[in-house]
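S.K.: Take a look at this one; I'll ask things after.
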Amino acid sequence: NEKEIIKKKLKNFFAISVREDQLAKFLLPLASGTPVQTVVDPTLLLPVRNWDELTIQRPMAKKYVVCYYVTYNKKIKKIARALAHRIGAVVIYFPSFDAPCVGKHTLKVGPDGFLSWMKYADFVVTNSFHGTVFSLIFNRDFLVIDDLQDFRIETLLKSVHLEERKVLSNITEFPKYNRYHV
């Protein structure tokens with residue numbers, strides 16, 4: 001029933017763009033010949049120098065791991081803590097929206113603060129699409145904990161050939177990367 005409603009609504013469009021391959025595949029047969037295209041998220045259209053202009057200096061002198069989560073589960077905290085221990089860092093927690101605060105270093109900051117913490121992070125652990133985006137923009141080492149099965153993240157990682165950065169929330173060993181060996 002929902003597919004018929006979507007099909008009817010899509011007739012009003014000349015073109016359709018989405019951020020995930022899965023959604024494009026779903027919409028294509030419903031679009032009645034209207035082109036359906038996968039495009040990048042608008043945050044990726046801005047050059048890194050423009051994002052840099054919005055940041056402040058490194059917010060903490062010691063090494064830190066940013067744990068930015070949309071939804072919280074104990075495993076994301078456990079993975080972030082184990083990784084921080086392995087590299088001699090503290091964990092800075094950034095809950096999104098109404099997610100709970102879970103650690104001693106839990107921060108709620110504005111956009112410039114968030115961007116600065118992300119830019120200078122020694123590592124990022126996230127289950128967030130935008131946590132993944134800003135890890136890429138600022139060239140940070142990162143892991144994406146696949147507890148939400150966000151197809152935007154899957155499409156993004158595939159497009160930059162970093163699918164191995166997505167891990168299951170029950171990992172027992174950290175993968176080794178070319179740039180940063182944990």
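S.K.: Could you please give the count of residues in the stretch 7-20 that are open to solvent by 60 Å² or more (accessible area, probe 1.4 Å) and under 19 Å from D150 (Cβ atoms)?
M.R.: So the answer is 2.
S.K.: Quick check, is L23 part of a loop (DSSP other than H, G, I, E, B), open to solvent by less than 100 Å² (accessible area, probe 1.4 Å) and either at pLDDT 90 or above or within 20 Å of F129 (Cα to Cα) (or both)?
M.R.: no
S.K.: Continuing with the same structure: Scanning the stretch 133-182 for residues that are modelled with pLDDT under 80 and more than 22 Å from K78 (Cα to Cα), which turns out surrounded by the fewest Cβ atoms within 10 Å (Cβ to Cβ)?
M.R.: N178
S.K.: Which of the residues belonging to the stretch 26-43 are of a type in the set (V, I, T) and open to solvent by 70 Å² or more (accessible area, probe 1.4 Å)?
M.R.: Residue satisfying the conditions is V40 alone.
S.K.: Restricting attention to the stretch 44-89, report how many residues are more than 14 Å from M118 (Cα to Cα), open to solvent by less than 50 Å² (accessible area, probe 1.4 Å) and outside any loop (DSSP other than H, G, I, E, B).
M.R.: So the count comes out to 9.
The values are calculated or read from the model by the stated rules, or taken from the named source; none is laboratory data. Quantities reported herein were computed from a predicted structural model and do not represent experimental measurements. Cβ coordinates were reconstructed from backbone atoms using ideal geometry, including for glycine residues, and neighbour counts include every protein chain displayed. Each accessible area value is taken on the protein alone, full model and side chains, heavy atoms only, with ligands, DNA and RNA left out. Shrake-Rupley method; radii C 1.70, N 1.55, O 1.52, S 1.80 Å.
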